[in-house]
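Each value in this text was obtained by applying a stated rule to the coordinates, not by laboratory testing. Since this is a predicted model, take the numbers as computed values, not measurements. Because the Cβ atoms are built from the backbone with ideal geometry, glycine has one as well, and the counts that use them run over all protein chains shown.
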Amino acid sequence: MAAETQSPLDRARRKAFLRLIPVLFVSYMVAYVDRVNVAVAKLTMVKDMPAFTDAVIGFGSSLFFIGYFLLEVPGSLMVERWSARKWICRIMVSWGLMAGLTAFVTTPKEFYAVRFLLGLAEAGFFPGVIVYLTHWFTSKDRAKALSYFLIATPFAQMLSPISNWLLKFGTTEVLQNGQTLVHPKLLGLVGWQWVYIFWAIPAVVLGIGVLWLLTDRPRQAKWLTQEERDALEAELERERQVKTRGKRMGVLEAFAHPKVLLLCAAYFFITTCSHSMELFMPSVIKDWYAMSRDQFTWLIVLPPLLALCGQLFGGWSSDRFQERRLHACVPIAIGAVAMLCAPLTQGHLVLTMMCLMLAFAGFKTYMPAFWSLPSLFLAEAAAAGSIGLINSVGNLGGAVGPSIIGWIKTTTGSYQSGFYFLGGSMIVASTIIFYLGLGAKQKTPKLEA
């Protein structure tokens, strides 16, 4: 009865959440596992292949974002002008194949090549989904829809116990009672190889499934009634008309817009921190505290768990109050303080984990509000291209950060200086967003020239 009393628009909004978000959530979760599982795999890779130092792993992980950078903008425009489901299918199948190939690298150069190709393969997925959500969700729902999609990343990190279990194949484990337990290889392959192979399979399967599970536009959705399709399309068109009232901004013009460039810079500084911590957090805990791999594998679930809660709350609150700026910059600032305090907690596990949890919550909670900012003053191809630009340029921070942290650890033998560098990066990001002059509480922002 409740559904029958809803307006056609409200019914369409509810059905879009239930139909589309679960597919996008699972797809992004698998994508993120494939991107960051090197953080777990490296724990035994470095034993089997001593040439794979922290500097090598950091540089190889950085190359992912160089490949990512090259195809981000074209990928975003493909979603806007062609087909989201076909483009996402292409991305997922190709990244699954590249992720699986990582299992067979034997030299740093091979690792560098595969990580670069993985970046090329995955490029366009994240900004493409951000653009795709604007085809389905009005500004009233956008941050909430983004939060449901974005919590896939902390969920992905919480799956690390599965990767840790796979990691045991072909290793020798010393139990607490002093006994030695030998884990045999599986099909001639060791654990870190199975980490890559295991998570590559669902990417390919889901990629093919996306062709049937996603719908490009509301007008093509057979799972909506005609009345629901018309109501949702009308509301989305009304919002587009508001944003494009007066002069229509082209893609190249949007690229030169000062606010777009500042969003690129802010995202660069925050990803410098977030990708570095996602890659090196297991190594930091292992370096600072003497514990078994099983013990710290469960510990590293805690920061993503708090991040998950933060993203859900941040998306709900941002939509509830129709405010974006403070919902983006305040969590980043809190995370920055936690990063700067973390080195002071070494030797106190509880305090260290509290800092890591707050840091993760900081560089995850901001995302629903942040990715709602471009659509406040851009529309259509200008918005799609700019979202791709922000993500591609910003993710170069994912190339810079891990390389610097890996170099600091290899050079100094410590992660402490790296924490200060990353905390400073987060402060810069928060400051840029605060002074951007965009996203304060208002319902119908006007396009700025």
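A compact table of results
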read-out	value
Using a Förster distance of 30 Å, the FRET efficiency for residue 227-residue 83 (Cβ separation, nearest 0.05)	0.75
Relative packing of 25-37, 198-210, which averages over residues the other C-beta atoms within 10 Å, highest first	25-37, 198-210
Helix 191-213 vs. the chain, principal-axis angle (Cα, 0 to 90°, nearest 10)	20 degrees
Size of charge dipole - the chain - debye, nearest 20, with Cβ of Lys, Arg +1 and Asp, Glu -1, no other charges	680 debye
Residue-averaged 222 nm ellipticity for the chain, from DSSP H runs of 4+ at -39500 (n - 2.57), nearest 500	-24000 deg cm²/dmol
Listed residues 297, 365, 412, most fluctuating in the chain (Gaussian network, C-alpha, under 10 Å)	412
Greater than 19 Å apart at Cα, pairs in 168/364; 47/168; 42/286; 168/409	168/364; 168/409
For 148, 68, order by how many other beta-carbon atoms lie within 10 Å, fewest first	148, 68
Order of 364, 409, 259, 222 under a 10 Å beta carbon neighbour criterion, fewest first	222, 259, 409, 364
Packing rank of 335-347, 12-24, where each peptide gets the mean count of other beta carbons within 10 Å, highest leading	335-347, 12-24
Relative contact order for the chain, counting Cα pairs under 8 Å that sit 6 or more residues apart, in percent	26 percent
Mean Cβ neighbour count within 10 Å, used as a protection proxy, ranking 264-270, 139-145 highest first	264-270, 139-145
Relative compactness, the chain, computed as alpha-carbon Rg over 2.2 N^0.38 Å	0.98
Most mobile listed residue (396, 279, 349) in the chain, GNM with C-alpha springs under 10 Å	349
